[in-house]
Amino acid sequence: MTDERHDTDAPLDAYSRVVAGVAAELTPRVASLRVPHPGGRAGEGLGSAVIYTPDGFLLTNAHVIGRAERGTAQFSDGSTAPFRVIGADPLSDLAVVRADAATPSTAELGEATELVVGQLVVAVGSPLGLTGSVTAGVVSALGRSLPVSTGGRPGIIEDVIQTDAALNPGNSGGALADSRGRVVGINTAVAGAGLGLAVPINATTRRIIGALMRDGRVRRAYLGIVSVPMPLPEKLRARFGRASGLRVAEVVPGSPAARAGLRTGDLLLSMGGVAVSRAQDLQRLMFADAIGQPLAITVMRNEALVDVIAEPAELVTA
């Protein structure tokens with residue numbers, strides 16, 4: 001009987017060991033942020049942030065920072081440090097702040113593209129201002145889209161991670177980690193009962209983080225199209241070695257795409273020699289180095305391949 005009970009409890013023990021190990025690893029490396037309300041209003045906003053460089057840079061959400069320039073970070077050992085905002089990017093809901101005092105050691109950033117649905121993840125943050133709170137769950141879905149808005153212009157955060165690890169107010173900006181304690185996402189929103197969303201750590205967001213550290217903002221290129229994935233015709237699947245492209249659902253009048261001659265209904269196949277089959281593929285190309293530069297675009301139109309040249313403009317977000 002004793003052996004049977006031990007065998008039954010073993011999976012739970014293993015699960016508990018993993019979660020406890022991640023909690024011990026990350027709790028000292030996730031801070032609670034207190035951010036003054038704008039305009040001198042009484043009170044302050046609460047959120048979380050992840051220490052990711054030895055010289056005091058912390059990663060959080062843009063919506064946690066808002067329009068603030070400074071605030072206070074509190075760590076799990078009770079120590080505090082004032083911080084200043086280095087830069088925020090509402091279109092990715094990421095922000096970088098820097099502590100003006102010594103901080104604990106850094107968390108390791110992982111790679112969200114390695115996640116699979118059903119994988120164990122652990123959320124560490126400061127819900128309701130309670131520093132060092134830990135919840136666990138699984139990756140419920142990948143590749144979600146999260147609508148955002150800045151300066152009246154709508155946008156979409158792509159490749160968002162959906163998890164059932166419990167998130168509450170104040171968890172925003174905290175860490176979503178894999179079983180090895182690597183931060184694979186920054187918790188950003190509660191999508192509903194039992195559903196949380198996190199901005200992934202991947203090549204695109206690393207580029208955004210780098211731009212925020214360097215320039216305090218992210219310059220983006222603007223093409224002026226709305227696109228949706230669409231299956232490729234069978235003959236093009238074999239030719240291009242993939243199953244889908246991006247159908248142009250809308251072309252903004254007067255935009256670089258309109259001036260280049262792109263039309264609603266065009267099926268985008270490649271841009272700048274890079275295959276595009278998801279909105280994320282297009283998004284990865286629309287950074288500062290594309291602004292004002294000729295961009296070769298291949299589309300299928302009326303069963304014929306058509307090449308056009310567009311010059312993306314700079315996206316104005318405010």
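The values are calculated or read from the model by the stated rules, or taken from the named source; none is laboratory data. If you're wondering where the values come from, they're calculated on a predicted model, not measured in any experiment. Glycine gets a Cβ as well: all are built from the backbone with ideal geometry, and neighbour counts include every protein chain shown.
Here residue 269 meets the list (1) out of contact with any helix residue (DSSP H, G or I) (no Cβ under 7 Å at 6 or more places or on another chain); (2) farther than 24 Å from residue 218 by Cα; (3) not aromatic (Phe, Trp, Tyr) almost entirely, failing just condition (1). The single condition from (1) in a strand (DSSP E or B); (2) more than 27 Å from residue 105 (Cβ to Cβ); (3) touching a residue at least 40 places away in the same chain (Cβ under 8 Å) that residue 184 fails is (2).
Would you confirm whether or not the range 31-47 contains a residue that is under 18 Å from the mean Cα position of the chain (by Cα) and not acidic (Asp, Glu)?
Step one: of the range 31-47, the residues under 18 Å from the mean Cα position of the chain (by Cα) are 47.
Pick out the ones that are also not acidic (Asp, Glu) and you get 47.
Yes, because at least one residue in the range 31-47 is under 18 Å from the mean Cα position of the chain (by Cα) and not acidic (Asp, Glu).
Every condition in (1) within 30 Å of residue 97 (Cα to Cα); (2) at pLDDT 90 or above is met by residue 195 except one, and the failing one is (2). Looking at residue 246, is it in contact with a Phe, Trp or Tyr (Cβ under 8 Å, 6 or more places away or on another chain) and more than 20 Å from residue 316 (Cα to Cα)? Here the answer is no, as residue 246 does not meet what is asked. Could you check the range 259-280 and list, in sequence order, the residues that are closer than 25 Å to residue 112 by Cβ and among the aliphatic types (A, V, I, L, M)? Residues satisfying the conditions are 268, 271, 274, 275, 276, 279.
Scanning the range 303-318 for residues that are modelled with pLDDT of 90 or more and not hydrophobic (A, V, I, L, M, F, W, C) returns 307, 311, 312, 314.
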